[in-house]
Structure formats: structure tokens, C-alpha cells
2 protein chains.
Amino acid sequence: MKKNITIRDVAKEAELSIATVSRYLNGKGYVSQKAEIKIRDVMNRLDFKPNEIARSLSNKKTNTIALIIPDILNPFFPELVVAIEGVAKERGYSLVLINTQEEFLHSSGFWRSLESRYIDGLILASFQFTEEVQKGMENIKLPFVTIDRAAGENNNNSIGIDNYKGAKMAVEHLIEVGCKNIVHISGPKTYPSSSDRLLGYIDAMKERFPDQKAFFYEGNFSLESGYDLTKQLIIENKGYDGIFLANDFMAIGAIKALKEMKVNVPEEMAIIGFDGIKLTEMVDPEISTIKQPIYALGAKATTRLINIIEKKENQNLYSKLEVRLMKKESTLGFKKNKGESTFD
Amino acid sequence: MKKNITIRDVAKEAELSIATVSRYLNGKGYVSQKAEIKIRDVMNRLDFKPNEIARSLSNKKTNTIALIIPDILNPFFPELVVAIEGVAKERGYSLVLINTQEEFLHSSGFWRSLESRYIDGLILASFQFTEEVQKGMENIKLPFVTIDRAAGENNNNSIGIDNYKGAKMAVEHLIEVGCKNIVHISGPKTYPSSSDRLLGYIDAMKERFPDQKAFFYEGNFSLESGYDLTKQLIIENKGYDGIFLANDFMAIGAIKALKEMKVNVPEEMAIIGFDGIKLTEMVDPEISTIKQPIYALGAKATTRLINIIEKKENQNLYSKLEVRLMKKESTLGFKKNKGESTFD
């Protein structure tokens with residue numbers, strides 16, 4: 001934002017009274033055409049926008065925070081919203097949500113629109129923390145915290161999980177139940193959360209199957225991409241017996257695809273996801289997953305943001321929360337490579 | 001909102017210059033304690049809030065609309081969000097979301113906070129359209145459209161579906177597949193959408209089983225209430241062989257409960273929901289449902305709202321969209337009362 005230009009600066013520069021400028025801005029009362037032209041000219045020259053004065057007038061707190069999420073259809077984010085909302089309410093704040101695609105974060109218009117939204121701070125739950133995003137956030141000069149896909153050790157103020165470790169746990173569990181040919185369906189490689197999970201998969205494979213090539217398909221975290229890529233890998237017929245999907249939403253799509261392709265889950269194909277959303281317990285079979293502490297993630301981010309807003313805490317912290325392996329039927333029921341005589 | 005009180009009115013009443021009041025409001029520059037007390041006193045007396053001047057200053061369009069939803073965890077609402085967002089974007093608007101519980105809509109603070117949110121209009125997808133809500137919406141003087149749970153023929157500008165007809169279709173379908181003892185799990189009776197679905201159930205039962213008592217449990221549209229009430233009705237052991245649930249989210253909970261209680265769906269118990277959310281196809285068995293045109297509902301509401309904002313359309317319309325029966329495994333596989341010899 002520009003240095004704080006006020007209505008007084010405009011009046012001074014235009015050699016008019018504040019009352020005249022105020023009348024012009026309010027659109028009420030008489031302003032001569034000559035004065036109007038002058039004011040417009042000065043406003044342009046000083047790059048003064050009425051919103052800025054509005055903003056400075058209500059420089060007071062609004063007790064509202066905003067949360068930016070990338071995919072409201074993925075139940076992970078609604079679950080996160082509930083956590084954030086809960087803590088915000090306790091602290092006397094309300095929450096507005098913005099669901100947006102990555103590309104919009106790269107336009108300065110997006111950040112400008114946030115500026116006039118009257119919020120005290122924001123949580124970014126999504127996207128790469130690119131230079132454009134960083135610049136956008138710095139420009140609006142609002143306290144912020146990044147979580148999940150936007151989290152990273154290089155970020156200013158960030159709360160994430162150990163994606164690498166979680167991915168290793170997932171692959172090791174597939175190996176433990178007897179899978180010998182494990183494939184990975186990743187998220188977009190450009191997200192740190194995806195690339196860390198991919199790396200965890202590759203490293204776990206290297207350690208246990210040094211002679212075997214790790215192989216993965218790049219998805220986009222949507223249910224459809226889990227569904228489509230699973231169909232593709234079955235058609236390519238490379239003899240996979242276990243799939244580690246980079247999130248649960250894709251795993252739900254995978255289960256659906258395998259059902260349609262008449263591949264038995266978990267007997268012939270073990271499935272494990274990542275996130276720990278509630279829906280993994282609603283499908284059949286229930287899906288094994290690496291459970292993120294979704295509630296803690298949202299709660300911690302909100303507490304930190306509000307502490308920063310209220311100047312009770314300093315920025316520049318990176319917190320990493322623990323993940324947990326949830327063993328369910330989608331892997332525990334795997335039978336292909338153990339006791340083949342009883343199964344085939 | 002009050003008559004438009006401006007900074008000039010405050011200055012005049014306080015017998016101070018506009019510059020002084022402006023300095024006070026900006027929190028910049030010197031204002032004597034005496035002047036400060038005077039200003040505060042006048043502001044209180046005139047009920048002048050800085051936000052009001054801010055608002056009048058930026059009386060321009062913000063090209064933002066707000067959507068208020070009651071339960072972000074119910075996938076129906078995220079699906080609706082996607083539709084609304086899509087149309088809004090096409091028309092050059094961005095969307096902010098507010099997920100809130102019913103009770104908050106009854107406080108004037110909620111509506112006041114919306115007022116300072118800089119939006120051009122709003123869509124209310126939730127809740128009873130009570131007197132408090134109506135008053136709140138009238139006070140903020142913003143164009144609005146109501147849909148789904150908030151929709152009703154008595155509302156000003158509303159887009160809904162034929163809940164009564166949909167419910168009758170659901171029950172008739174259960175009868176058609178052979179169910180003889182059908183129970184209903186409703187939503188909160190105070191919502192028109194719930195009470196209309198309940199009425200459809202009762203009337204369909206009366207027509208087909210005039211001697212049998214219609215029976216229902218009152219849920220709250222959440223997955224948990226579908227789960228809990230289904231367990232309860234199995235424990236009460238009244239010999240039900242079909243459940244019509246007032247929404248799909250509860251139906252997903254019901255399927256889960258029946259699995260745990262070792263009741264076979266659909267062989268022993270047919271299940272039908274309402275809404276047509278994508279997840280009904282992801283669970284096993286896939287759930288029969290009354291499909292609302294979710295996309296059309298959101299798209300139509302958004303188009304109408306933006307037309308009203310842009311003064312291309314008048315208010316005071318009520319549209320009723322058609323619903324469709326989707327027959328899936330959760331009812332089609334029902335076997336209990338037909339061909340008992342082959343099944344038992």
C-alpha cells in the first residue's frame with residue numbers, strides 16, 4: 001500500500017477545503033465543476049483511492065479473519081474450516097472464506113480486493129508460496145499464517161506436517177502387509193506437500209526394494225484424478241499390488257475405479273491415502289491413511305494468527321505437527337502375496 | 001441503516017472543523033482531549049459509526065457477492081459453492097463465503113458485520129427465513145436471493161425445488177422395489193425443506209398403506225444424525241425394511257450404521273436419500289437419491305442476484321426447479337419381500 005495519503009493531503013494539494021473534498025467523495029452537497037476536476041486530477045496524481053481513506057477511517061479492528069482455500073470439494077478443507085471457525089469464534093473473531101484457484105493468487109487484483117475486504121489477518125491454506133504470492137501478501141500488509149499446501153520451512157509464519165515422514169510410513173505399511181509392487185499417485189509436483197510425499201515414497205522404495213524402480217503418476221488431488229489415474233494404471237497392467245495416493249480424496253476415487261474395473265480391494269490391491277478425512281471411514285472398504293491432525297492444524301494456525309493480530313506473539317515461526325498411520329481394511333485385508341494357495 | 005450521517009454533520013454538531021474530526025477518525029495528528037470527548041459524545045448521540053462514512057465513501061460497486069451456508073461439511077454446500085463461483089466469475093464477480101450456525105443469523109451483530117464487508121449482494125442458502133432474519137436483511141439494504149433451506153414461496157426472491165414431490169417420489173420408489181415398512185429420518189422440522197419432505201413421506205404412505213402409521217425420526221441433516229438415528233431405529237426393532245432419509249449426507253451415515261449393525265444394504269434394508277451429491281456414487285452400495293439440480297440452483301440464483309445488482313431484473317420471483325429420481329443399488333438390490341424363497 002502507498003504511504004498513507006489522506007483526504008487532507010488531497011485537499012492541500014488541490015488547494016481546496018477538506019469539506020469540499022469530503023463533499024465530492026461523499027457525492028453529497030455542491031462541488032463546483034472546477035473543484036471536481038482539480039480533485040480528480042490530484043487524486044490521480046497522488047494515486048489516492050477512496051478505499052484508502054475508508055480503510056484509514058476504520059483502521060480499527062474488524063475482528064474478522066479470512067481463510068483462502070484451493071478446493072472446497074475436497075473434504076479436507078471443510079474439516080479445516082470447522083477447526084479454524086471454532087477457535088476464531090472463541091476468540092471473538094468471525095471468518096470469511098475464499099475458495100479460489102491458484103492462478104487468481106498471481107494477480108495483483110486478487111490482493112487488492114482483499115485489501116478492501118476489512119479483515120484483520122488471513123490464513124492461506126493453499127498453493128505454492130511463489131514470489132507473486134509473497135509480493136501480494138507483503139503489499140497488503142496484513143498478518144498472515146500459511147498452512148497445509150502453502151506451508152513450508154522457508155515461509156515466514158507457517159504450520160505444516162512432516163509430509164516426507166508420513167509418506168514413508170504409508171509405503172512401509174504397504175510393504176508390511178505384503179505388497180511387492182507399489183505405485184504412487186502424487187499431487188502436483190510444484191507443491192511442497194506433494195514433492196515431499198513423492199520423495200518419501202521414492203526413498204522408502206529405494207530402502208526396501210533397491211533393485212525396483214519407483215514409479216508414480218502425477219495427479220492433482222481431486223477425486224477425479226485419483227479415479228482416472230487408477231483406471232490408467234490398471235489398463236497399463238504393470239502388475240501393481242499397492243497404491244499410495246497423495247491424499248484421501250484421490251484414494252476414494254481410486255476405490256471407485258477399482259470397483260468398476262473388478263479389481264478387488266483390498267484382496268488384490270491395497271490402497272492407502274493421506275490426510276485422515278472422515279470420509280475414509282464412510283466408504284467400503286474403509287481406507288488406511290496417514291492422519292494429519294486437521295483440527296490441531298487449523299486451531300494452531302488460528303491461535304497464532306490472532307496472537308499476531310493482537311500483538312501477543314511474534315512472527316517467523318515454523319511448526320511441524322506429527323502424523324499418524326491409521327490401519328484400515330483397505331490395506332489390512334490385502335492377501336495377494338501371502339498365502340497364495342488359500343487365495344488363488 | 002440510519003439516514004446518511006456524514007463527517008460534516010459530526011463536525012457541525014460538535015462545533016469543530018471537519019479537519020479535526022477527520023484527524024480524530026484517522027487517529028493521526030493532534031486532537032485535544034476536550035475535542036475528543038466532544039466528538040465521541042456527538043458520534044454517540046448521532047449514532048455515527050466510522051464504517052458508515054467509509055461505506056458512503058466507497059459507495060461504488062465492489063463486484064463481490066457473499067454466500068451464507070449452514071454446514072460446509074455437508075458436500076451439498078461445497079457443490080453449490082462451485083456452481084455459484086463459476087457463474088459469479090463469468091460475470092466478473094468474486095465470492096466470499098460465510099459458514100455459520102443458525103443462531104448467529106438472529107443477532108443484529110451478524111448483519112451489521114456484513115454491512116461493513118463491502119459486498120454488492122448476497123445469497124442465503126440456509127436456515128429458516130424468520131422474522132429476525134428478514135429484519136436483518138432488510139436493514140442492510142442489500143440485494144439478496146434465497147435458495148435451498150432458506151427458499152420458500154413466501155420469500156421475496158427465492159429459488160427452490162419441489163421438496164414435497166421429491167419426497168413422494170422417494171417413498172413411491174421404495175414401495176415399488178418391495179418395501180412394506182418404511183420409516184423416514186427427517187431434517188429439522190422448522191425448515192420448510194424438511195417439513196415439505198416429511199409431508200411428502202406422510203402423504204405417500206397414506207396413499208399406499210392407508211392402514212399403516214407413518215413414522216419418522218427427526219435428524220439435523222448431519223452425517224452423525226443419520227448414523228445415530230439409524231442405529232436407534234434398528235435397536236428399537238420395529239421391522240423396518242426401507243429408510244427414506246431427508247438428505248444424502250444422513251444416508252451415508254445410515255449405510256455406515258447398518259454395516260456396523262450387520263444389516264445388509266440393500267438386501268434387507270433399502271436406503272434412499274435426497275440431494276444427489278457426488279458422494280452417493282462413491283460409497284458402497286451406491287445410494288439411490290432424489291437429485292436436486294444443484295448446479296442449476298446455484299447458477300440461477302447467482303444470475304438473478306447479479307441481474308438485480310445490475311438492475312437488469314426485478315425482485316419478487318419464486319422459481320421451483322425439478323427433481324429427478326436416481327435409482328441405484330441401495331434400493332434396486334432390495335430382496336426381502338420379493339422372492340423370499342430364493343433369498344432366505
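The values are calculated or read from the model by the stated rules, or taken from the named source; none is laboratory data. Only a predicted model underlies this, so the values are computations on that prediction, with no experimental measurement involved. With ideal geometry, Cβ positions are generated from the backbone for all residues, glycine too; neighbour counts draw on all protein chains shown. Just so you know, the surface numbers come from the protein's heavy atoms only, side chains and all, with ligands and any DNA or RNA stripped out. Shrake-Rupley method; radii C 1.70, N 1.55, O 1.52, S 1.80 Å.
Counting Lys and Arg as +1 and Asp and Glu as -1, what is the net charge of the other residues whose Cβ lies under 13 Å from the Cβ of A:ALA14? Before the final figure, lay out the partial values.
Working: positive: A:ARG8, A:LYS12, A:ARG23, A:LYS34, A:LYS38, A:ARG40, A:ARG45; negative: A:ASP9, A:GLU13, A:GLU15, A:GLU36, A:ASP41.
Around A:ALA14, the surrounding residues sum to +2.
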- Calculate the spin-label point distance for B:TYR30 paired with B:GLU268, positioning each point 7 Å from the Cα along the beta-carbon direction, and give it in nanometres. 8.7 nm
- Query: Quick one: how many Å² of A:GLU102 are accessible to a 1.4 Å probe, rounded to 10?
  - Reply: 40 Å²
- Message: Below 29 Å, Cα to Cα, which lysines can B:LYS311 reach? Residues fewer than 8 away in the same chain don't count.
- Response: A:LYS28, A:LYS49, B:LYS2, B:LYS3, B:LYS49, B:LYS60, B:LYS61, B:LYS89, B:LYS135, B:LYS141, B:LYS300, B:LYS320
- Task: Would you give the gap between the C-alpha center of the range B:209-273 and the C-alpha center of the range A:60-126, rounded to a whole Å?
- Result: 37 Å
- Note on the structure: Here the correct list, in nm and shortest first, of distances from B:PHE104 to the same site in the other copies, label points 7 Å along Cα→Cβ, is 2.0
- Considering only the label points, 7 Å along Cα→Cβ from Cα, what distances in nm to one decimal separate A:GLU260 from the same position in each other copy, shortest first? 3.0
- Where labels lie 7 Å past Cα in the beta-carbon direction, separation of A:GLU172 and B:LYS135 in nm: 6.1 nm
- Message: Can you show me the helix-derived [θ] at 222 nm for chain B, built from DSSP H runs with n ≥ 4 at -39,500 (n - 2.57) apiece and divided by the number of residues, rounded to the nearest 500.
- Response: -13500 deg cm²/dmol
- Take every Cα pair under 8 Å in chain A that's 6+ residues apart, average their separations, divide by the length, and report that relative contact order as a whole percent. 17 percent
- Count the net charge of all other residues whose Cβ sits under 11 Å from the Cβ of B:GLU102, scoring Lys and Arg as +1 and Asp and Glu as -1. -2
- For A:SER94, enumerate residues with amide H under 5 Å from its amide H, sequence gap 5+ or separate chain, H modeled in the peptide plane. A:THR64, A:ILE65
- Task: Considering only protein heavy atoms, with the full assembly of protein chains and a 1.4 angstrom probe, order A:ASP248, B:ASP228 by accessible area, largest first.
- Result: B:ASP228, A:ASP248
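By its C-alpha gyration tensor, with a ≥ b ≥ c as the square roots of the eigenvalues, how is the protein assembly as shown shaped: rounded for a/c under 1.5, else prolate for a/b larger than b/c, else oblate? Provide the component values of the computation, followed by the final result.
Values: a/c = 2.73, a/b = 1.52, b/c = 1.80.
In terms of gyration-tensor shape, oblate.
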- Task: Report the local net charge at A:PHE216: Lys and Arg +1, Asp and Glu -1, summed over other residues whose C-beta lies under 14 Å from its C-beta.
- Result: +1
- Message: Just to confirm the filter: which trypsin sites (Lys or Arg not before Pro) across the range B:170-216 are DSSP coil and have at most 11 other Cβ within 10 angstrom of their Cβ?
- Response: B:LYS189, B:LYS213
- Message: Placing the label point 7 Å from Cα along the Cα-to-Cβ direction, what are the distances from A:LYS141 to the equivalent spots in the other copies, shortest first, in nm to one decimal?
- Response: 3.1
- Task: In debye, nearest 20, what is the charge dipole magnitude of chain B about its Cα centre with +1 on Lys and Arg Cβ and -1 on Asp and Glu Cβ, if you could check?
- Result: 1500 debye
